[in-house]
Structures are given as C-alpha cells and as structure tokens.
Amino acid sequence: MLSKHCPLPPAALPAVDWRRHIALALMVASGFAGLGYQIVWTQQSAVWLGHESAAVLAVVAAFFGGLALGALALGPGIERSARPVRWYAVCELVIALWSLVLALLMPVFGAGMLDLVGLQPSAAWQWGLAFCGTFLLLLPATAAMGATLPAMERVLAGTQQRSIAALYAGNTLGAVLGVLSTAFWLVPTLGLAHTAALCGGLNALCAAAALATFPRETVPGQVAVVSAAARGVLLRLTATGLLGIGYEVLVVRVLSQVAEDTVYTFALLLAVYLVGSALGAAAYQRWLARGQDTARLGDLLLCALALSCLLGIASLWGAEHIRAQVESSSGGMAGALLAEAALALAAFGLPTLAMGAMFSQLSSRASAAGLSFGQALGANTLGAAAAPLLFGVLLAPALGAKASLLLIVVAYVALARPALWRRPIAWAPAATALALTLWAPTLAFIDVPEGGRVLSYQEDAMAAVSVVQDAGGVARLRINNRQQEGSSSSLLADARQALLPLLLHPAPHRALFLGLGTGMTASSAAEDPTLEVDAVELLPGVITASRHFTQAFGNGEPNPRLHLIAADARRYVRAATQRYDLIVSDNFHPARSGSAALYTVEHFQAVRARLAPAGLFCQWLPLHQLDLETLRSIVQSFLVAYPQGAAILASNSLETPVLGLIGQEDKRPFDLAQVHARLAASALPDGPAGFGIDDEYALLGSFVAGPTALLRFAGNAPANTDDRPVVAYRAPRITYAPDSAPRDRLMALLNVLSVEAAEVLVPSMDSAPTERLSAYWTARQRFLEAGQHVRPSADVHDMLSQVRAPLLGVLRTSPDFRPAYDPLLRMAATLARTDRPAARALLAELAQAQPARPEAAAMLRQIADGSL
C-alpha cells in the first residue's frame, strides 16, 4: 500500500555493474525507512487523533499526498538537472533531518492539535484537522520521499544502468522488511523516537553512499509538453491509484471484524499488499512488457483487475471460515498470525498482483507519451491520497463496505475503452458486482447465537457496533464483533465499578467516566441525586447502542444528571478545564484500536491534573484480557503518576476478574467512621447493600494491594509511555494465544500482592477495626481459593459437598465476609424443599458462624412453622 514509489517497466538492461547493486541497496534501505516512518507516525498520531483507525487513514492520506506533491513539484527539476545525484542525496537528508525534528516536535504538535480540535468537535472539523494537520506535519519528509526514486532513475540513466523495475523491487522489498521489523521488533524494543532515529540514520547513509558512488553530473533530460494522449494516461493513473488504495482501506476495515485488530494485524495486511504489488510489477516485466498492443493490454488488465477484486471480495464472506481452518491446523500465536496472513492473502493476493501489473503498464504508456517518471508517480499517488477520505470516511459509512467495494469493481471496468464494454470480459464483472450489491449479504460480521437476534447495528468511520440478544434475552454490546463491551446480565458487576470508587470518595459532586460501554456503569453513578456525571465515549455507535442497556434506569427516561459526550477520552482529559472529584476509566481491551494509549504514564498524569482537591481516580483493568507481564507495565506506569496508588477488586468473579488501580490527588488514609457515615448517607435508590457493599468492611475489604505491594509487583517492568508503547505490542500475545485461564492469573496475582491495614486506615489506638479488616482480606483470599476448584453442578448436594467446609471456614475467619454466607443460605433454601433435616443442619452452622446475620435464624423459624 504505502511503498513510496511505483514501478515502471525497465529498459533493456546492459551488463550489470557494481553501481547498480549499490542503487538497489539504497532502494532497500530507503524503502525500509519509509515504511518504518509510517508505522511510527501512525502510532504517534493516534495519541491526538484518538483512535488507531483514524490515525491510519490520516497518515496514509498524508503519505500519498506528500509523495504526489514531491513527485509533481520536484520531478521536472530533477528531469532537467545535470546533477540528479545531488537531488537524491538532498532528498534523503531532508527525510533524515525531518524525522529527527518530528521526534522532538510530535508531542508539542499533538498537544497543540488537542487544543485546536477541542472538547466536542464536529465530524467535519475533526476529520478536516486530522487529514490537513497530518499532511502538513509530515510534508517535508513525504515530499522528499516522492522525489527519491525519480532522482535515482535519472542517476542510473546517466550510468547506462537504468532499471526502474529493479529499483522498485528493491524499494518494495525494503518496505516489507521495514513494516515487519518495525512492528515486531524495533518499536517494542527501542520505542517510537529511537526507531524513527534509526530510520533517519538509514536515510543519511543513503545520501552519503550515493554521493560517494555515482557520477556527479549526467546529461540533462527534457520535460515534454503533456499531450491529449498523455492526459488520458495521467487520468487513468490517478483513478487506479484512488481505486487501489480505496480497495485496501475497505478490506482492512472489513477484516478488522474477523481478525484481532492489533498492531500486528495491520503490519501483516500491509506487508501482503506490498508483496503482491511488487510481484505483479515483476510479472508484467517478465511476460507482458514487450510485443503487446498497449492500449488493448491496458483494457484487458483493467478487466482482470475488476475480476480479481471480485474474487478478493468474495473471500471476505468466507473470512471466518478461512481463519478457523488455519488456526485449527497450527496453534499458538504463530498460528493466529498465520491465519491473519491467510486472510490478507485471500483478499489482497490476486488484486494486488493485477494492481502492480496495471501500474507498470500505465507507466510504460506514460513514458511512451513523453511523460517523466515523476509525473506518472505524482498522478498515481495523488489519487491514492484521496482514497482514505473518500472511501474510509465518506463512502463506507454511507453505503456500507459491501457496496463501496463493489463500486470499485465497476469503476475499474468503466476505465476501459467503450469498445470493450460490449464483451463479456468487461460486462461480466460489472454485472456480477451489481448482482452482489442487490442480493449478497452485507459484509457485517455479527456472531448471533442460536435463537438470538440482532437488536442494532451501526457502522461509522471508525468501527462497527452491534447489539445481539441471545435466546435467554441477554443482550451483548460488541465493537467490530471481536470486542465485547458488556452485557445486560452484568448490571451488578458494572454498577460496582461505579459505586466502589464513588463511595471511597467522602463527598463527590462531579464525576467523569472515560469510556461508556453499555452505559450501566455511568448510569449507576448518576442514580446518586447529589452527583453530576460526564461520560466520554469516542464511538457514536456505542452511545446509540447503550440505550438498549440503560432502560432499567429511571423507567427508561434520560437522566438529566448524566451527560454523554462524544469525544476521545484522552483528548478530553487534556483539553477540558473542568475539575472532577471522581474520575473512573473503563477497562479498555489493551490490545485493540489504540486502547493501550489510555494506559500510559502521560495519560495517567493528565488525569491527575484534572482531579479536584481530594479527588480520586480509578483505572479498571480486565484481568481476563491481560497477562501479568503486561499488567506489570501498566502498574509501573500508574505508579509514576500516583506513587501512593493502591488496588481493589471489582468483584469476586473468577471468570472475568477486574482489578482497579486507585490514585488520589492528595493521598489520605480512610477513616472507618467517615466511611460508615458515607455509606449511611448514600442517596442511591437501592442503597449500597443492594450491590454487595453492606458496610465499611465490605467497601474497604475490596482492597488487595497497597503502594508497597504494587511497587514490588511492578519490579523493573518498563513503563508504558507515548514513546514506548509496550502494552500495545505485549498485550496482543495473550489475545492471540491465551496461556492460562483468567482465574489462574487472578490467583497468581493475589498470591504476590498484599495490603496492610496501616496503608488503608487512619491510625487508631483501637486495634479491633484493623483486625476485622485484616480478617476480611484473609477470608476473601480463602473464598477465592475455594472457588478456584469448584465444579459447577445442578445437584445441590454435590455443590454443598464441595463448598460447605471451605465456606464455613471462611465465615469463621471473618463474620463480616458476606459473599461466603449468601450461597450457603441459597443452598439451604433449596434443600428445605427436598431435605429439611439437611437444611436445618446447614442453617444451624450458618447461624453459629455468623450470629450477627439474621437470615439463617429466620429461615430456621420458617422451616419450623412450615411456612418454607
């Protein structure tokens, strides 16, 4: 996709000498650096653009726009120059220097753009700034990139070793190596700035090697006047550039609903696209370049391109099957990556071969019409620059991915001469595209369980959002079909993620929730009549879909205290002026769509700056989607901003454990009396007890680690920063190939964490509260350990045989630990209907273990009087 140069058919090759080998090596290094920059700049831009998909579109457009401007503006001067080697060297040096400038200026530019975009920009304003701002920022480097291959072509013309196809092949090989090396090795190891510096060093070496190798002067060329025939070729070059990159943008969009949508996914898709284009150009050179009617060959290639795109589009309907078949034959992360490569090959293989051959043929015709290579390159990349905006931002949301892709097929056929339209080779692909538009299913991947149905589906410029209800009536919210954001059955867990931090604050009046999901977390907080809640969500489709889940609140009427804000969470935190007593950040999946940027040192520090005095921040982390090494880096990053940070558990779930990192603007221990008063004064309609927060021990008992334990756990793990996004590259590993169950990771974590009462409570002369809280923590640990080995069973006697002794032991450890009391009470109620003596025995033990709880004694009386 983004190889910065495109192929021309070679002239007849004279004897190869060492200078041609040097030229090829320079093209490899230059291609490596060019695509390395693209990966780096995409991730840097995602910080202020707010979403990795938006960054990809903006950087692609900026790259091609700069290449086009450089080729068109500098190409004529290079063609007329007697010293093209100097042009080449200067361009490489400009690329190197600007990459170093960007390494220093990107954070400053990003901060400025955050202010310019504003809190809640309109779509037109945000996308306009995204494309224009990125284009201007990268322009010095990308324009110089657009001139390097025309300059090297002129250098070799002077040495009689001219071979554009060979130069293109070397450049593309370097581009493929650059994509894969940057994504899989350089950025994870060195970070973004150092990777960009390495690429800049390659550009500088290219400049020095060229000056030392090639003659300083050559015979100047001439720039021909553009004829009518040449204008026709330029028009086709522009159109094919537009359609080729449009096809790529749309396919990547569709496959994001099937693949894991990580940084590795994009790198693999890009690498396959580049390899296919290069092979297509090589195939044209070898078999089609000579002895052909070029006009007729061009028409045939356009029809072949339309047909190959049809086949590539057809593979998308079978993408899930392809992925499953490849993954089943080879396991682990390698198997998962191989499956994504297979998806890319099926969708891009034939189309990119045809695209490479098509451009080579058009370039040959451009040369025959007297056009320079720079003019041909500029026209093609100019069309490519418009594709992300046209197809990614405008057409895909308006028409859908299927119709937009099939429109590309018809457009390729329309570029052929009218005389060909009457033949089946032309009208058959167009007719097939029309039929698929009318009758084929949409390219929307939605997993619907048996007996279930789709409640809503919305596709916008950044993602597809669906709500699916199963046969039991449980609705689930998904982004791009792969990322589940919650369900209608998780109200208790979602509400606790709001209420635990809310109740830890002594008197909050304004809260900010970063990420909306189903909306049940923010809506639970907004049930407090004393609290104003702002909830920030990047995807408009998620805001719309959340209405399916929040109807249980306020009889389905909008809550005037809940303010939904369509904006990027990270940008909002940095640009807002409002200060908040409480900020709660959703448990974002760290491997997908740039979410790792919400776990960086810089973001945590920005959140702290947004806290009011005595403010509290809670960052929830999905342990079921995190490996412990990635968690260490997130904790390390959090401790940079909150050195006295602590950790809590959202619930006692073993299947979907969620850890919360707690940071305070002014670290203060908790006073039990104040916490008790806070719970008693709560104005929540159902009260804290309705969510398992019965008293101050249940609230403070959620703590699992103090600052000492967190610091020890983080160890020497690298912090996740904007420059070194270790989480984005490490988190996908467990997504591709889980190496343990969530419950095992939770227990492994709890076994290395600890919390001391002195880290949580205000010092007191009375040791009883400290001992009760410590006992609660011990009981929770034993409760989770007992649950780790339970085998679920519908037989109450079987379940009781597994949990009776351990749960009663937990209750004897801490009478305050209600989670061990309630399941035994439910089992006693079930036994009362079939085995009353067993029920009475269990209830007697319960009453003895927790005499302060009245439920067991009350149920014993009901059994005695026959009312149960």
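The values are calculated or read from the model by the stated rules, or taken from the named source; none is laboratory data. From a predicted model like this one, the values you see are computed outputs, not experimental measurements. Cβ coordinates were reconstructed from backbone atoms using ideal geometry, including for glycine residues, and neighbour counts include every protein chain displayed. Surface accessibility is based on the protein's heavy atoms, side chains included, excluding ligands, DNA and RNA. Shrake-Rupley method; radii C 1.70, N 1.55, O 1.52, S 1.80 Å.
If you fit an axis through the alpha-carbon atoms of helix 332-368 and take the longest principal axis of the Cα set of the chain, what angle between them do you get, 0 to 90°, nearest 10?
Between helix and principal axis, roughly 20 degrees.
Show me 351-358, 115-122, 459-466 ranked by packing, highest mean number of other Cβ atoms within 10 Å first.
351-358, 459-466, 115-122
What ³J(HN,Hα) values, in whole Hz, does the Karplus curve 6.51 cos²θ - 1.76 cosθ + 1.60 give for the range 646-663 when θ = phi - 60°, with x put for Gly and Pro?
9, 9, 10, 9, 5, 7, 9, 5, 8, 8, 10, x, 10, 9, x, 8, 10, x
Projecting each Cα onto the charge dipole of the range 547-625 (Lys/Arg +1, Asp/Glu -1 at the beta carbon, about the Cα centre), which of 548, 613, 624 comes out farthest on the positive side?
613
Which whole-number value in Å³ per residue fits the convex hull of the alpha carbons of the range 100-144?
In the range 100-144, the Cα convex hull volume per residue is 56 Å³.
Calculate the all-directions average of the projected area of the range 542-588's alpha-carbon convex hull, and give it in nm².
Average projection, Cα convex hull of the range 542-588: 4.4 nm².
Over the range 58-167, what portion of Cα pair distances is larger than 20 Å, expressed as a whole percent?
49
When a/c reaches 1.5 or more, the comparison of a/b and b/c decides; with that in mind, is the range 178-309 rounded, prolate or oblate per its Cα gyration tensor?
The shape class here is oblate.
Can you order the peptides 692-702, 740-750 by their average number of other Cβ atoms within 10 Å per residue, highest first?
692-702, 740-750
On C-alpha positions alone, give me the angle between the axis of helix 52-80 and the longest principal axis of the chain, in degrees, nearest 10.
Helix 52-80 and the main axis of the chain meet at about 20 degrees.
Along the principal axes of its C-alpha atoms, what lengths does the range 613-762 span, in descending order and rounded to whole Å?
Each principal axis gives a Cα extent; for the range 613-762 these are 46, 31, 26 Å.
For the range 274-379, place one equal point scatterer on every Cα, skip the solvent, and apply the Debye formula. What is log10 of I(q)/I(0) at q = 0.12 Å⁻¹?
Reported log10 I(q)/I(0), two decimals: -0.51.
Skipping prolines and chain starts, which residues have an amide H placed within reach, meaning under 5 Å, of the one on residue 486, given they are 5 or more residues away or on another chain?
Amide H neighbours of residue 486, under 5 Å, 5+ apart: 477.
Mind pulling up the Rg/Rh value for the range 429-527? Radius of gyration and Kirkwood radius, both on Cα.
Reported Rg/Rh, Kirkwood definition of Rh: 1.16.
When the gyration tensor of the chain is built from Cα positions, what are the square roots of 5 times its three eigenvalues, in whole Å, from largest to smallest?
That gives 60, 29, 22 Å for the three semi-axes.
To check you understand DSSP bridge types, tell me what percent of the beta bridges within the chain (both residues inside) are antiparallel, rounded to 5.
Just about 60 percent of them are antiparallel.
Using 5 Å bins from zero, what percent of all Cα-Cα pairs in the range 546-703 falls into each bin?
2, 7, 14, 18, 20, 18, 15, 5, 1
Quote the Stokes-Einstein diffusion coefficient, in whole µm² s⁻¹, for the range 761-867, based on the Kirkwood radius over alpha carbon pairs, a temperature of 4 °C and a viscosity of 1.567 mPa s.
Approximately 88 µm²/s, per Stokes-Einstein.
Which value, in debye to the nearest 20, gives the size of the charge dipole of the range 509-584 about its Cα centre, when Lys and Arg are +1 and Asp and Glu are -1 at the Cβ?
Around 280 debye, computed over the range 509-584.
For the range 282-327, how big is Rg over Rh, using alpha carbon atoms and the Kirkwood form of Rh?
Here Rg/Rh amounts to 1.23.
Report the semi-axes of the equivalent ellipsoid for the range 350-499 in whole Å, largest first, where each axis is √(5λ) for an eigenvalue λ of the Cα gyration tensor.
The three semi-axes for the range 350-499 are 45, 21, 10 Å.
Taking the Cα atoms of the range 164-256, report the difference between the largest and smallest coordinate on each principal axis, in whole Å and largest first.
52, 47, 22
Give me the dipole magnitude in Debye, nearest 20, for the range 400-478 about the Cα centre, with unit charges on the beta carbon: positive for Lys and Arg, negative for Asp and Glu.
480
Mind pulling the angle between the C-alpha long axis of helix 424-439 and the longest principal axis of the chain? Nearest 10 degrees, somewhere in 0 to 90.
20
For the range 369-425, would you read off the P(r) tail past 17 Å as a percentage of all alpha carbon pairs?
58
As a test of reading the structure, rank 577, 656 by solvent-accessible area (1.4 Å probe, protein chains only), most first.
Most to least solvent-accessible, the answer reads 577, 656.
Report, in debye and to the nearest 20, how large the dipole of the chain comes out about its Cα centre when Lys and Arg carry +1 and Asp and Glu carry -1 on their Cβ.
2720
With the Cα gyration tensor of the range 815-855 giving a ≥ b ≥ c as the square roots of its eigenvalues, does the rule (a/c under 1.5 for rounded; else a/b larger than b/c for prolate; else oblate) give rounded, prolate or oblate?
prolate
Once the convex hull of the C-alpha atoms of the range 707-780 is built, how many Å³ does it hold per residue, rounded to a whole number?
Measuring per residue, one finds 115 Å³ for the Cα hull of the range 707-780.
Considering just Cα atoms, how many Å³ per residue does the convex hull of the range 675-810 enclose?
200
Quantify how much of the Cα-Cα distance distribution of the range 627-716 extends past 14 Å, in percent.
Looking at the range 627-716, the distances longer than 14 Å represent 70 percent of pairs.
How big, on average over all directions, is the shadow cast by the Cα convex hull of the range 572-652, in nm²?
Across all orientations, the range 572-652 yields a mean hull projection of 5.7 nm².
Search the structure for amide H atoms under 5 Å from the amide H of residue 563, placed 1.01 Å from N in the peptide plane, and list their residues when 5 or more places away or on another chain.
Residues meeting the criterion, in which the H sits 1.01 Å from N, are 533, 534, 535.
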